[in-house]
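Q: Below: one structure in structure tokens.
The values are calculated or read from the model by the stated rules, or taken from the named source; none is laboratory data. None of the values given here were measured: they were computed from a predicted structure. Neighbour counts run over all protein chains shown; Cβ positions are idealised from the backbone, glycine included. The protein model used for the area step is the full one, side chains on, heavy atoms only, and it has no ligands, DNA or RNA in it. Shrake-Rupley method; radii C 1.70, N 1.55, O 1.52, S 1.80 Å.
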Amino acid sequence: MASDDASNGGPKVSSPAANALIYVTLICFLALGLVAGWRSHRNADLFLKAIKSQTVWALSLNFLAVNIGAGIFFTLPQVGTIAGITGVFAYAFAAAAPLFVFALVGPMFRKHNSQQWSMTAFVMERFGRPLHVLYSIICTLFVGMYLVSELTTIYSVFSLLTPLHPLAPMIIICVVTTIYTAFGGVFASLLTDAIQCVLIFVLILVAAIVVGVSVRPSQADIERVGLVAPTKMGGELFLILTLAIAFSNMYHQGFWQRTFASRNDRDLRLATFFGFWMVFIVTALVGMAGPLAAWAGTWTPDSDVPGSSALFTIIASLPGWVSGLTLVLTTSLSCCAIDTCQTAMFASLYDLVEQKVNIWVVRAAVVVLNVPVIVLAMQAPDILQVYLLADMLACATILPVLCGLSARLNFIHWIDALVGCFGGIISVGVFGQVYLGNRHDGWRLLLLDGGLYVDDERVLGAFCFAPVGSLVFMFFFAGLRMGVTRLLDRRQYRYELPAGTYSSTSNSGASFSENDLALNATNKQNTLA
């Protein structure tokens with residue numbers, strides 16, 4: 001399976017073995033996706049939303065799937081080489097903890113309107129078409145950035161582990177996931193992700209055991225290198241990453257699709273609890289490759305190898321079959337992430353056109369959008385930088401939208417929320433200019449071109465000021481608007497809940513009324529043309 005490569009000093013998977021591992025894995029996932037899609041491809045409810053279709057364990061595995069991708073092989077070990085064990089556990093906690101937000105917010109959406117269980121539908125209903133368009137566009141761009149980072153990872157991993165040119169397998173992965181998601185929709189993605197994550201969880205545990213048995217740094221090496229004691233940066237990452245990931249998840253339709261796929265609120269709470277531990281364990285195990293590589297001497301800070309490749313320096317020191325295992329794991333993780341992003345992108349675009357365009361037109365649009373994503377991925381952008389840009393955008397714009405859930409804030413107009421979104425972005429630039437002392441560097445903080453790991457608090461300040469600034473701008477403009485309205489002696493704006501909303505009072509956790517269940521049963525009879 002493996003062949004020696006002198007340039008990299010470690011085993012690589014040979015071309016025949018690499019082709020076999022990649023394409024056999026993809027054929028299995030394609031067959032699985034088509035079988036899963038057979039149930040949903042002519043059922044509009046299952047295809048578009050898959051509402052109330054998932055059990056607790058299936059949903060838990062899906063929360064793991066939407067949280068991880070092949071990118072974890074680069075970003076997590078890099079954190080470990082810079083911020084040590086504290087940074088690894090900060091990242092693991094930040095990746096897992098935001099799931100509890102969906103356990104809290106998901107039932108609130110259902111109470112708001114039991115007939116429109118999607119974030120974009122809520123934005124349309126609560127704030128109207130202008131903010132709905134903005135939210136849908138941001139969701140599409142957001143998922144596109146995730147796709148770029150995921151495909152960049154595939155390109156890098158295949159280049160490191162195989163002599164193949166990565167472009168062909170990268171395109172075929174996109175084609176495979178496009179076929180079964182176009183055929184089976186959200187339901188096919190949910191089912192394949194659950195099964196893929198069982199395989200992924202097992203493979204990561206096997207890999208962790210192999211690494212733990214084979215790589216045993218001495219106590220002296222650990223003390224010499226460090227990375228064990230708590231660090232200031234590690235502590236800051238707990239706050240920065242938790243805020244960044246929690247807010248960014250709000251723009252990922254994949255999380256909302258899984259939230260609304262829960263059978264009831266009790267199942268949702270249990271799924272987020274189990275999902276938390278699955279995500280935490282997987283991310284912590286992968287992240288520990290960074291400190292382990294430094295302790296074992298396969299990676300050093302003064303080497304030409306970046307910290308993001310620390311995991312692969314360990315793999316290079318192990319038998320060749322471990323590289324093959326990593327290749328299968330990367331393919332599986334990528335399928336999980338890409339099919340989730342594709343269904344999320346489809347949902348955002350379909351809601352953007354208010355579900356008035358033929359569904360095949362939207363499917364075709366998703367395929368077309370994959371082309372620039374692949375082109376960008378081939379430019380090999382910094383994966384963490386792509387995530388950071390998406391996270392900053394989310395932090396600056398999501399809170400005004402979520403404020404629409406509160407009945408006490410029914411005076412918030414869509415213009416107030418829109419001003420708040422732009423105000424969050426402006427707040428980052430203003431903070432940067434004040435903190436850094438000049439306009440150029442201050443406003444470039446919006447791009448976070450210095451990365452996450454800096455010696456000062458500019459990144460921490462940016463991620464804190466963005467959400468706070470959005471609320472300040474929103475409430476200030478709302479007060480100004482209401483004052484002008486009163487001076488002109490006009491009627492003040494008040495949002496009223498739509499007819500048909502309900503309250504959740506069931507002790508069993510099933511927060512659906514009989515009418516809701518009847519409505520859902522009727523919807524399941526709808527079929528795709």
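Q: Here is a check on your reading of the model: is Arg263 touching a residue at least 12 places away in the same chain (Cβ under 8 Å), open to solvent by 10 Å² or more (accessible area, probe 1.4 Å), within 30 Å of Lys49 (Cβ to Cβ) and of a type outside the set (Asp, Glu)?
A: Working: touching a residue at least 12 places away in the same chain (Cβ under 8 Å): yes; open to solvent by 10 Å² or more (accessible area, probe 1.4 Å): yes; within 30 Å of Lys49 (Cβ to Cβ): yes; of a type outside the set (Asp, Glu): yes.
So Arg263 fits the description; yes.
Q: Name the one entry in Ser308, Ser323 that is open to solvent by 10 Å² or more (accessible area, probe 1.4 Å) and farther than 23 Å from Ile138 by Cβ.
A: Details: Ser323 fails: open to solvent by 10 Å² or more (accessible area, probe 1.4 Å).
The unique qualifying residue is Ser308.
Q: Pick from Tyr135, Tyr180, Tyr155: which is closer than 23 Å to Leu402 by Cβ, in contact (Cβ under 8 Å) with a residue 12 or more places away in the chain and among the aromatic types (Phe, Trp, Tyr)?
A: Values: Tyr180 fails: closer than 23 Å to Leu402 by Cβ; Tyr155 fails: closer than 23 Å to Leu402 by Cβ.
After ruling out the rest, the residue left standing is Tyr135.
Q: Next up: Being modelled with pLDDT of 85 or more and not in a helix (DSSP H, G or I) is the filter here, so list the residues in segment 111-151 that pass it.
A: Selection gives Gly128 alone.
Q: In the set Val366, Val375, which member is open to solvent by 50 Å² or more (accessible area, probe 1.4 Å), at pLDDT 85 or above, of a type in the set (Val, Ile, Thr) and over 13 Å from Ser248 (Cα atoms)? Write out each step before concluding.
A: Numbers: Val366 fails: open to solvent by 50 Å² or more (accessible area, probe 1.4 Å).
Val375 is the lone residue from the list that is open to solvent by 50 Å² or more (accessible area, probe 1.4 Å), at pLDDT 85 or above, of a type in the set (Val, Ile, Thr) and over 13 Å from Ser248 (Cα atoms).
Q: Among the residues of segment 211-224, how many are part of a helix (DSSP H, G or I) and either more than 18 Å from Phe89 (Cβ to Cβ) or at pLDDT 85 or above (or both)? Steps first, answer last, please.
A: Of segment 211-224, the ones part of a helix (DSSP H, G or I) are 211-214, 219-224.
From what's left, either more than 18 Å from Phe89 (Cβ to Cβ) or at pLDDT 85 or above (or both): 211, 213-214, 219-224.
Of the residues in segment 211-224, 9 are part of a helix (DSSP H, G or I) and either more than 18 Å from Phe89 (Cβ to Cβ) or at pLDDT 85 or above (or both).
Q: Given the structure, is Val202 within 27 Å of Trp321 (Cβ to Cβ), open to solvent by 60 Å² or more (accessible area, probe 1.4 Å) and touching a residue at least 12 places away in the same chain (Cβ under 8 Å)?
A: Details: within 27 Å of Trp321 (Cβ to Cβ): yes; open to solvent by 60 Å² or more (accessible area, probe 1.4 Å): yes; touching a residue at least 12 places away in the same chain (Cβ under 8 Å): no.
It is false that Val202 is within 27 Å of Trp321 (Cβ to Cβ), open to solvent by 60 Å² or more (accessible area, probe 1.4 Å) and touching a residue at least 12 places away in the same chain (Cβ under 8 Å).
Q: Sticking with this structure for a sec: Does segment 266-293 hold any residues that are under 17 Å from Val56 (Cα atoms) and surrounded by 24 or more Cβ atoms within 10 Å (Cβ to Cβ), and which are they?
A: First, the residues of segment 266-293 that are under 17 Å from Val56 (Cα atoms): 266-279.
Across segment 266-293, the qualifying residues are Leu268, Ala271, Thr272, Gly275, Val279.
Q: Among the residues of segment 232-253, is there at least one that is more than 11 Å from the chain's Cα centre (by Cα), surrounded by fewer than 24 Cβ atoms within 10 Å (Cβ to Cβ), in a loop (DSSP other than H, G, I, E, B) and in contact (Cβ under 8 Å) with a residue 24 or more places away in the chain?
A: No, segment 232-253 has no match at all.
Q: Please identify the pairs in which a residue from segment 390-409 that is at pLDDT 90 or above has its Cβ atom under 9 Å from the Cβ atom of a residue that is surrounded by fewer than 24 Cβ atoms within 10 Å (Cβ to Cβ) and among the basic types (Lys, Arg), counting only partners at least 6 apart or on another chain.
A: Val401/Arg126
Q: Select from segment 425-457 the residues that are under 24 Å from the mean Cα position of the chain (by Cα) and either open to solvent by 70 Å² or more (accessible area, probe 1.4 Å) or at positive phi (or both) and list them in ascending order.
A: Leu447, Leu448, Asp449, Gly451, listed by residue number.
Q: Okay, next question. I'd like to check something: does segment 375-383 contain any residue that is within 29 Å of Phe74 (Cβ to Cβ) and either touching a Lys or Arg at 6+ places or on another chain (Cβ under 7 Å) or among the charged types (D, E, K, R) (or both)?
A: The answer is yes, given that some residue of segment 375-383 is within 29 Å of Phe74 (Cβ to Cβ) and either touching a Lys or Arg at 6+ places or on another chain (Cβ under 7 Å) or among the charged types (D, E, K, R) (or both).
Q: Let me ask another. Would you confirm whether any residue within segment 377-388 is free of Cβ contacts under 8 Å to residues at least 12 places away in the same chain and either within 15 Å of the chain's Cα centre (by Cα) or assigned to a helix (DSSP H, G or I) (or both)?
A: So far as segment 377-388 goes, no, none of its residues is free of Cβ contacts under 8 Å to residues at least 12 places away in the same chain and either within 15 Å of the chain's Cα centre (by Cα) or assigned to a helix (DSSP H, G or I) (or both).
Q: Sort out which residues of segment 35-58 are assigned to a helix (DSSP H, G or I) and either without any contact (Cβ under 8 Å) to a residue 60 or more places away in the chain or under 16 Å from Ala194 (Cβ atoms) (or both), and write them in order of number. Walk me through how you get there before you give the answer.
A: Within segment 35-58, the subset assigned to a helix (DSSP H, G or I) is 35-40, 44-48, 56-58.
Residues satisfying the conditions are Val35, Ala36, Gly37, Arg39, Ser40, Leu46, Val56, Trp57, Ala58.
Q: Still on this structure, I have one more. Taking segment 134-153 on its own, how many of its residues are touching a Ser or Thr at 6+ places or on another chain (Cβ under 6 Å) and among the hydrophobic types (A, V, I, L, M, F, W, C)?
A: 1
Q: Can you run down the residue pairs with Cβ atoms below 9 Å, 6 or more apart or on separate chains, where the first is in segment 89-110 and in a helix (DSSP H, G or I) and the partner is among the acidic types (Asp, Glu)?
A: Ala90/Glu236; Ala103/Asp265; Gly106/Asp265; Pro107/Asp265; Arg110/Asp265; Arg110/Asp516
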